[in-house]
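Everything on this sheet refers to the single structure shown next.
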Amino acid sequence: MSVIRAAIDEMFSVVGQMVGSVFRHGLPLTDKIAARTALTNFVLHIHPVRVRRSWIRMSYTLCLGGLSFFLFIVLTVTGLYLMFYYVPSTQHAYQDMRDLQFVVTFGGLIRNMHRWAAHAMVITVWLHMARVFLTGAYKKPREFNWGVGTLLLLLTLLLSFTGYLLPWDQLSIWAVTVGTNMAKYAPIAGPYTRYLLIGGRVVGDNALLRFYVLHVVGLPLAAFLLMVVHFWRVRKDGFSGGL
Amino acid sequence: MATEARDRIAARERVEARRRQVEAPSTVRDDSDDEMIVSFPEFVFKEFIATVAMTVFLIIVSIWLQAPLLGKANPGMTPNPSKAPWYFLGLQELLSRFPPLMAGVAFPTFVIVLMILVPFLDRNPSRRPSERKVAIILFALYTTVVVALVIIGTFFRGHEFVWDWGWVLGNPQTCGGKPC
């Protein structure tokens, strides 16, 4: 009998060790436990361990920066799912979109989420910029981070614009034709810029491939690196809340 | 057995009492704005709620609204009007009004450079809205112009990108860039 009891005890302690190895500090019942959790947890390390209540007031931040980042994550995840089914060639792209819409399990829902999240991100990033401007949060010592944020707003627009071409329907090809035609008007470099961007004189296979590569690798990578800098600077320059 | 349990409870209470003593907060919680709090779980919980709300919102919108997918791209057939995505419609609107070099290149470049330079141009050290009237009015004007241009480009530009009252008077020639 005692052998069985010892075995059960041992089993419980192993399970306890397993749970404890993930949730190291237990429930955050005291400030000290909570602080230790915030300090040692990878996911939480983006936050300072201690914050002033006025810094994180929702009526001040409106969560706009955080929501922009979250939408970036949503777009990455839904985008990965779409990439499993999508081939960036004028032969396949449109049919793949039809399949996503009508054949692939949850394909339509995921595509819709990707589309609407992209529009939402343009809006939240813009509103985040408006909030930072209206609260004067760009002032010393945050001038540099405001510049990084401006580039991130630009990257958000470019990400959305490059994605616009990928369905390869009448809406996307002509929107991108109109959009890239604007580049043509720059003095001297204009026509070359456009040629470089779409890999030809008209929006075709090369443009689709270039936009695809920029959309799924180039621009997200640039945005990710700038976001790392942006968040790092928020921590180093301090939260702007509490006017 | 009973003694053992009582001993264990007593021991635990001693440990708890000791912990309370050691971890006694140096300042009394006052729930004021200036109070320093541990970011976990209060702050993290707020973020969690915001992300859950956004996820639910996105899923509901995505079930309700289909993302547009028109006919297959046809380089030989230009729809009229051809429109850029909505966030570039302000630019397209400017292009229809000003010389292309100015509207398509000079203007956006100027706005981007100006935006990056804003912290260095705004010499006013105050962050109080009441002391930043000029900055706030300028920003409000800028926002109004941008939003107005986007709305005009989206809803009031029809065939050949000429003015179209269709969205107000009925029978618009275009539905946000798509043929109706």
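The values are calculated or read from the model by the stated rules, or taken from the named source; none is laboratory data. Since we're looking at a predicted model, the values are computed, not measured. Cβ coordinates were reconstructed from backbone atoms using ideal geometry, including for glycine residues, and neighbour counts include every protein chain displayed. Remember, those area values only see protein heavy atoms, side chains included, never the ligands or the DNA or RNA. Shrake-Rupley method; radii C 1.70, N 1.55, O 1.52, S 1.80 Å.
Here are a few things to note about the model shown:
- GNM result for chain B, Cα springs below 10 Å: residue of B:56, B:146, B:162 fluctuating most strongly: B:56
- Here's the picture: charge each Lys and Arg Cβ at +1 and each Asp and Glu Cβ at -1 in chain A, and of A:93, A:14, A:38 the one pushed furthest to the positive end of that dipole is A:38.
- Rolling a 1.4 Å probe over the protein heavy atoms leaves residue A:62 with an accessible area of roughly 100 Å².
- Dividing the mean sequence gap of close Cα pairs (under 8 Å, 6+ apart) by how many residues chain A holds gives a relative contact order of 20 percent.
- With respect to chain A, whose longest principal axis is taken over its alpha-carbon atoms, helix A:189-198 is tilted by about 60°.
- Rolling a 1.4 Å probe over the protein heavy atoms of chain A, with every protein chain left in place, gives an accessible area that is 71 percent carbon and sulfur.
- Anisotropy class of segment A:47-191 from Cα gyration tensor, a/c 1.5 cut: oblate
- Set A:139/A:236; A:139/B:133; A:140/B:46 screened for pairs whose C-alpha atoms are more than 21 Å apart: A:140/B:46
- Candidates A:223, A:35, A:117: whichever shows maximal mean-square fluctuation once chain A is modelled as a Gaussian network with Cα springs under 10 Å: A:35
- Selected from B:76, B:153, B:90 as most flexible by GNM, with chain B as the system and alpha-carbon contacts under 10 Å: B:76
- Interface size A-B, as summed buried accessible area [1.4 Å probe, Å², nearest 100]: 7400
- Our note on the geometry: Cα centres of segment B:145-169 and segment A:144-191, 21 Å apart.
- Computed from backbone phi, the HN-Hα couplings of segment A:142-154 come to 9, 4, 5, 5, 4, x, 4, x, 4, 5, 5, 4, 4 Hz, rounded to whole numbers (Karplus: 6.51 cos²θ - 1.76 cosθ + 1.60, θ = phi - 60°; Gly and Pro given as x).
- Solvent exposure ordering (accessible area, 1.4 Å, most first) of A:234, A:43: A:43, A:234
- Here the simple spin-label model places points 7 Å from the Cα toward Cβ, and for residue A:42 and residue B:113 these points are separated by 4.4 nm.
- Helix-only mean residue ellipticity at 222 nm for chain B, each DSSP H run of n ≥ 4 adding -39500 (n - 2.57), per residue, nearest 500: -17500 deg cm²/dmol
- Stretched out straight at 0.36 nm per residue, the stretch from residue A:130 to residue A:98 would grow longer than its current Cα-Cα span by 7.7 nm.
- Relative contact order (%) - criterion: Cα under 8 Å, at least six apart; region: chain B: 22
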